[in-house]
Number of protein chains: 2
Amino acid sequence: MSIDITREFLDNLEEEILAGKKENYQEFINDSHPADIAEIVDKIDEEAAEILFRSLENELGAEVLMEIDEDLRAKFLEGYNGQEIASELIENLDSDDAADLINELPSDQRREVLDNIEDEQQALDIARLLIYPEGTAGSLMGTELIKVYDTWRVLQCVKEMRKQAEEIERVHAIYVIDANNKLLGTLSLKKLLTTSTKTPISEVYSSKVQYVEINTEAEEVANYMQKYDLVVVPVVDPIGHLVGRITIDDVVDFIRDEAKEDYNLASGLTDEVEEDDTILAITRARLPWLLIGLFGGLLAASVIGRYEVDIEIIPQMAFFIPLIAAMGGNVGVQSSAIIVQGLANQSLSGGTVTRLMKELGVATVNASILAAIVIGSSLFLGYSMALALTVAVALFAVIIVAALIGTFVPLILNKYKIDPALATGPFITTLNDIIGLFLYFQIGRLILA
Amino acid sequence: MSIDITREFLDNLEEEILAGKKENYQEFINDSHPADIAEIVDKIDEEAAEILFRSLENELGAEVLMEIDEDLRAKFLEGYNGQEIASELIENLDSDDAADLINELPSDQRREVLDNIEDEQQALDIARLLIYPEGTAGSLMGTELIKVYDTWRVLQCVKEMRKQAEEIERVHAIYVIDANNKLLGTLSLKKLLTTSTKTPISEVYSSKVQYVEINTEAEEVANYMQKYDLVVVPVVDPIGHLVGRITIDDVVDFIRDEAKEDYNLASGLTDEVEEDDTILAITRARLPWLLIGLFGGLLAASVIGRYEVDIEIIPQMAFFIPLIAAMGGNVGVQSSAIIVQGLANQSLSGGTVTRLMKELGVATVNASILAAIVIGSSLFLGYSMALALTVAVALFAVIIVAALIGTFVPLILNKYKIDPALATGPFITTLNDIIGLFLYFQIGRLILA
């Protein structure tokens with residue numbers, strides 16, 4: 001399958017690199033896949049990594065560069081001037097990778113790099129890609145594709161394809177365009193293989209073509225490609241001109257990143273933190289969320305503080321504080337997680353009212369069952385009927401309120417273009433804690449007083 | 001791009017279907033993509049959906065069937081006998097979809113369907129696919145692929161490919177094998193297009209081929225294809241024979257499902273619940289987690305109960321219960337989320353000890369900062385120094401313990417082949433709540449007594 005990158009292997013390699021024994025690893029490295037070399041570069045000592053990277057031929061080096069960790073890439077790039085970036089790196093990259101790379105450069109260097117790209121068409125393509133806002137189809141696409149005119153015959157098509165294929169690494173699809181570069185359809189390889197060379201393209205291409213528009217949101221592109229099982233999708237401008245293509249590998253990366261981001265937000269981690277980051281980086285990712293929890297806890301303390309006299313009279317009321325707080329948090333997260341996923345997959349059906357009624361229905365069923373259990377358990381554990389009733393009523397109320405908050409908060413965040421996944425993290429738990437405790441003590445005052 | 005499936009559109013269509021006005025929608029439906037028809041079938045009334053589904057031609061019907069909701073598919077299949085399933089559906093499906101479909105049938109019907117498949121090779125291929133355990137490369141792969149012998153020349157290769165392509169919907173790659181069906185390499189379309197027809201294949205194919213073994217875990221296949229940006233990967237048996245291929249679309253589905261499962265577990269939802277499920281189904285997915293929270297809460301109540309006398313003396317101790325509980329939960333989830341992701345991406349580096357030390361490092365930094373803040377805030381809010389100190393020391397202890405639990409629990413679960421993502425849900429929060437409260441009151445007794 002692939003090489004097994006063990007710690008021992010890395011230690012040996014590191015030693016050889018630092019000892020300057022290039023002859024011991026060069027052949028092996030040149031035979032390796034760029035993704036494997038990138039993994040090695042990411043995992044060895046930075047000094048050795050830079051030596052190894054510098055020893056790569058331009059084409060391989062450019063590919064490896066695009067696969068390594070962003071921070072390390074920035075560091076390696078410091079050693080290049082604009083002219084070198086253009087001739088040694090950019091010229092060996094696909095347009096989409098090239099645009100990504102340029103986007104990561106300091107702004108004063110970008111222009112210099114673009115000016116130094118020899119192939120003017122390539123420079124133009126990249127410059128155009130730089131314009132599209134992040135998170136749109138335009139920012140994901142590349143311009144390398146094979147296109148043929150509908151007026152050609154199969155033979156001419158094969159000849160032209162040969163020419164175009166010289167410059168393209170992988171042939172994913174053949175697009176058919178008219179004289180104005182309007183996308184008309186696709187020509188399947190199967191058709192090309194099984195049709196006489198004299199047949200006009202116009203007779204064999206399929207006009208049922210799936211495409212996305214350049215301004216389509218990346219998330220929508222991902223859903224679209226997944227829905228139709230597409231490996232590559234052409235991108236058109238608003239008037240139907242073929243401007244590029246998006247391949248599934250970029251979309252897969254996007255899907256994973258999105259899933260990770262949602263997961264991180266739900267777990268109280270700022271995005272982009274990795275298990276192998278430094279202690280300081282990890283702390284930075286976690287501390288803000290813990291601060292929310294801390295201030296929430298202090299707020300909860302002052303809410304409870306208003307009921308100090310009640311606790312003095314019935315200390316047992318304090319026993320159920322964690323239960324009420326935890327249940328509010330749990331229900332809130334459940335409700336918002338469903339909404340967050342529905343928003344991400346664009347699978348939310350029905351209006352807000354329908355959704356709310358359903359959420360209330362689920363909450364009522366759960367709340368009734370849990371309240372009944374809590375009354376039974378509390379009595380069994382020897383608490384008074386009044387306290388048991390207080391906890392049960394408060395639990396019921398907390399679950400209903402938490403469900404409502406859990407449903408509304410992500411919808412509201414989404415409306416204001418804030419990532420709704422924020423709602424599933426410590427934020428909603430803390431909010432529900434406080435409201436839940438307030439309800440609990442207020443109900444306690446009514447029942448127990 | 002694609003049709004816009006609005007509620008209004010669905011209502012109209014539903015009406016026409018139920019009124020038997022086939023002529024009004026047939027042409028439109030036959031022109032639609034199977035994925036769009038499937039979406040329509042999923043979203044309209046079940047009676048209308050069945051009529052619509054029955055009106056589809058066999059090939060289109062089979063494709064739509066594989067895209068609709070599993071429950072609905074099972075319902076539609078009840079109307080077919082084994083012979084019909086074989087001739088109308090299976091024969092129109094790729095081997096991997098066919099195997100999936102047969103796997104969903106009642107076990108007594110499976111054999112009947114297999115016996116009724118006319119093409120013996122196809123029946124054999126499918127029967128073989130049924131053997132591979134779920135979650136392995138074998139269960140994801142299909143057997144449709146294009147293969148050529150290394151002894152052929154380009155011309156013969158093109159001719160044979162034409163024949164093979166007739167039966168294959170999409171040509172992803174061309175595999176080169178030896179006389180024993182051993183995978184030797186791949187032939188790029190580019191090479192095929194740009195080489196003279198007389199060249200022997202052995203001279204132009206690339207032997208640097210990426211492949212997976214049939215027993216490789218699905219998760220590993222997903223990571224592998226993502227790492228190397230593969231659109232399709234060949235599958236070999238343990239001695240290197242080419243047995244199938246896995247396409248990226250199946251892997252994308254797998255990645256999404258896994259991400260969803262992790263997210264659901266972290267949010268306290270049993271897997272497989274959708275926003276549009278019934279109230280009962282949603283309740284079933286949520287209630288078990290809430291019960292964990294409830295019993296955790298009751299347990300917490302009895303832990304606090306042991307310190308009733310302390311609360312009677314210093315009721316203010318109760319104020320900080322939510323703070324301590326919430327922080328333990330938050331830190332625990334943060335720690336375990338990092339481990340769960342590392343396990344999923346197989347990116348956990350270093351040994352358990354290194355990881356633990358780092359986790360402890362992060363926890364110590366966070367705990368120190370938060371403890372300092374809590375002392376300051378408590379004093380500012382007018383609590384006694386002794387209480388402020390108690391809360392701060394307890395908070396420090398809780399964070400350290402929660403980080404350890406958060407790190408260990410997913411590692412232990414993983415070791416025993418239980419999904420580590422379980423650790424990020426209500427389970428770990430509840431455990432940390434209880435331990436945290438015990439520590440808090442115990443420390444309180446030491447400092448405040």
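Taken together, the values in this text are just the output of simple stated rules run on the coordinates, not laboratory data. The shown structure was predicted, so the numbers you read here are calculated from the model rather than taken from an experiment. Here Cβ is always computed from backbone atoms with ideal geometry, including for glycine, and neighbour counts include all displayed protein chains.
Here the relative contact order of chain A, from alpha carbon pairs under 8 Å that lie six or more residues apart, stands at 11 percent.
Charge tally for residue A:152 (other residues, Cβ to Cβ under 14 Å; Lys, Arg +1; Asp, Glu -1): +3. Put a plus charge on the Cβ of each Lys and Arg, a minus charge on the Cβ of each Asp and Glu, and nothing anywhere else: the dipole of segment B:146-247 about its Cα centre is then about 620 debye. When B:412, A:102 are sorted by how many other C-beta atoms sit within 10 angstrom of their C-beta, beginning with the fewest, the order is B:412, A:102. Remark: A:339, A:373, B:239 ranked as B:239, A:373, A:339, counting other beta-carbon atoms within 10 Å and listing the fewest first.
Listed by Cβ neighbour count within 10 Å, with the fewest neighbours leading, A:187, A:422 appear as A:422, A:187. Projecting 7 Å from Cα along the Cα-to-Cβ direction, the label point of residue B:178 sits 5.4 nm from its equivalents in the other copies, listed shortest first. About its Cα centre, the dipole of chain A is roughly 3400 debye, where the only charges are +1 on Lys and Arg Cβ and -1 on Asp and Glu Cβ.
Relative contact order for segment A:46-202: 17 percent, from Cα pairs under 8 Å spaced at least 6 residues apart, divided by residue count. Rg over Rh for the protein assembly as shown works out to 1.01, using Cα positions for both radii and the Kirkwood form for Rh. Distances between placed amide hydrogens fall under 5 Å for residue A:185 paired with A:176, all partners being 5 or more residues away or on another chain. Net charge of the neighbourhood of residue A:212, taken over other residues with C-beta under 12 Å away and scored Lys/Arg +1, Asp/Glu -1, is -3. Listed by number, the DSSP H helices of chain A that run 15 Å or longer by alpha-carbon position along their axis and have mean Kyte hydropathy of at least 1.0 are A:279-305, A:321-344, A:352-380, A:385-415, A:426-448. For residue B:136, the residues whose amide H sits under 5 Å from its own are B:218, ignoring neighbours fewer than 5 places away on the same chain, with H placed 1.01 Å from N. Helical runs assigned H by DSSP (4 residues or longer) give chain A a calculated mean residue ellipticity at 222 nm of -20500 deg cm²/dmol, each run adding -39500 (n - 2.57) before division by the residue total. Placing unit charges on each Cβ (+1 for Lys and Arg, -1 for Asp and Glu) gives chain A a dipole about its Cα centre, and among A:344, A:92, A:176 the Cα reaching farthest toward its positive end belongs to A:344.
Considering only A:96, A:257, A:11, the mean-square fluctuation computed in a Gaussian network model of chain A, springs between alpha carbons under 10 angstrom, is largest for A:11. Close amide H pairs (under 5 Å, H built 1.01 Å from N) link residue A:244 with A:235, residues at least 5 positions away or on another chain.
Just to confirm my numbers, what's the Cα centroid distance between segment B:167-237 and segment A:38-111 in Å? Between the Cα centre of segment B:167-237 and that of segment A:38-111, the gap is 29 Å. Beyond 24 Å between alpha-carbons counts as too far, so tell me which of A:147/B:208; A:43/B:358; A:227/B:190; A:227/B:159; A:190/B:190 fall in that bin. As for pairs spanning more than 24 Å Cα to Cα, those are A:147/B:208; A:227/B:190; A:227/B:159.
Its relative contact order, with pairs defined as Cα atoms under 8 Å and 6+ residues apart, puts segment B:279-448 at 39 percent. Positive-end ranking of B:326, B:197, B:25 along the dipole of chain B, with charges on Cβ about the Cα centre, is headed by B:326. For segment B:38-160, the dipole from Cβ point charges (+1 on Lys and Arg, -1 on Asp and Glu) about the Cα centre works out to 660 debye, to the nearest 20. Each residue of segment B:146-247 gets 96 Å³ once the volume of the Cα convex hull is shared out per residue. Shape class of segment B:279-448 from the alpha-carbon gyration tensor: oblate, with a/c at 1.5 or above and b/c at least as large as a/b. Would you tally the net charge around residue A:140, using a Cβ to Cβ cut-off of less than 9 Å, leaving residue A:140 out, and scoring K and R as +1, D and E as -1? Its environment carries a net charge of -2. Its residues counted as N, segment A:7-140 yields a C-alpha radius of gyration over 2.2 N^0.38 Å of 1.12.
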